[in-house]
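Quick note: the coordinates plus some simple rules give every number you see, no bench work behind them. What you see is a predicted model, and the numbers here were worked out from it, not measured in a lab. Because the Cβ atoms are built from the backbone with ideal geometry, glycine has one as well, and the counts that use them run over all protein chains shown.
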Amino acid sequence: MIDSKCSPRYDADTGTLTNPSPGTAVLFRGDTPIALEDAHMDTTTLGRTGFVVSRVGLGLAALGRPGYINLGHSADLRGEHAVPVMEARAHAVLDAAWGAGVRYFDAARSYGRAEEFLAHWLDARGIDPASVTVGSKWGYTYTADWRADAATHEVKEHSLANLRRQTHESRTLLGTHLDLYQIHSATLESGVLADREVLEELARLRAAGLRIGLSVSGPRQGEAIRRALDVIVEGERVFDCVQATWNLLEPSAGPALEQAHTLGVGVIVKEALANGRLTGRNDDPAFAARRRLLEELAARSGTTTDALALAGVLARPWVDVVLSGAATIDQLHSNLAAPAVRWDERIEEAVGSLAETPEDYWSIRARLPWN
Ligand SMILES: NC(=O)c1ccc[n+]([C@@H]2O[C@H](COP(=O)([O-])OP(=O)(O)OC[C@H]3O[C@@H](n4cnc5c(N)ncnc54)[C@H](OP(=O)(O)O)[C@@H]3O)[C@@H](O)[C@H]2O)c1
């Protein structure tokens, strides 16, 4: 396990890194550098994609742009939004993740410059496409113009024209590193899961070597997942992987995700920390009693609430990868304690009282401000 004091030498004031190569040590315990190979992270196979992935992946939604909807994003970035500073910060977190054994990275066309930052990092560090799995998403266009206070941050369009345009853009940036291409937030209402033109294009991309996934959001995730599992083109299931929100407050997609797993579809869990609501940053008085319970359970396990919440995801036998959405190296290290947490029946029973109804959960999420 990585010592919480380990950190790459990243100077936030100047945005510079002093030890950026993954071929050499980039993590330190105190003043002692540790070899990357010393870091341990369990891996698994991402369903029928066949990709060998780390159980904890890193999502770049908070790293690729100035504005995001997690509780304290603006505080994490400390007002330092210049593109080179944002890129250096993203690279420092990517280095720390790589050093800890993270081998799945998750981006999207709409995460600002996330694909570009990731592509530069993969190239600069000379990372062989065979040693990492990269997923990205199409379906939303980034419209915030590098502002945290934009009126509209992203625009959804699940058309064939947008699929073709964004596939080209993602491939231009990520080249042969792009392994998995996901519909971004497919819902029943968007109609994309019944759009034959789009589904046939996805089947063509699959036949040409990409693995195809979808992410789902909203109170009807389970229904969308089941609909996706039924999508067949020319006798073949189109979707190799599903990415869904599952956390201690919103576990309703569990049965559908379990079904996906049983059918060999890879399962990636996002928003495991409920956008920061399951961390020490949540000071909402209405959440105080549940926060106390989480803190008690975490303290008894000798860990933090964020690691406990992530461990709760890893305890589901149908989960392949849980995403860390860390915006800083400290958050990443705290998150990466999750695989070492011993999840037992007592914790399982206690966290059962935390869940909200899906409708309440998603209406609270819809009210979180971009910052
Ligand atoms: N529809 C989709 O396809 C979709 C939607 C959402 C996310 N995703 C994917 O899932 C990934 C993770 O999701 P997410 O970031 O939205 O949600 P999340 O994992 O539930 O929340 C991550 C946030 O929690 C906070 N946090 C983490 N560790 C912390 C710590 N130790 N102490 C205090 N705060 C901590 C940070 O937010 P603050 O510091 O800002 O409070 C961090 O950005 C994304 O990067 C993306 O790849 C996909």
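Quick rundown of the values:
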item: Lys, Arg +1 and Asp, Glu -1 on Cβ, resulting dipole of the chain about Cα centre, debye, nearest 20; result: 160
item: For Arg196, net neighbour charge (Lys/Arg +1, Asp/Glu -1) across residues whose Cβ lies under 13 Å away; result: -4
item: Table column - 3J(HN,Hα) (Hz), the range 306-313, Karplus curve with 6.51, -1.76, 1.60, x for Gly and Pro; result: 5, 5, 4, 5, 5, 5, x, 6
item: Antiparallel %, DSSP beta bridges [both residues in the range 43-175], to 5; result: 55
item: Table column - 3J(HN,Hα) (Hz), the range 167-177, Karplus curve with 6.51, -1.76, 1.60, x for Gly and Pro; result: 4, 4, 5, 5, 5, 4, 7, 9, x, 6, 6
item: Helix-derived mean residue ellipticity, 222 nm - over the chain, DSSP H n ≥ 4, -39500 (n - 2.57), to 500; result: -10000 deg cm²/dmol
item: Principal axis dimensions, the chain - Cα atoms, whole angstrom, descending; result: 57, 46, 40
item: Residue exposure sequence - His153, His40 - by fewest surrounding Cβ within 10 Å; result: His40, His153
item: Relative contact order (%) - criterion: Cα under 8 Å, at least six apart; region: the chain; result: 19
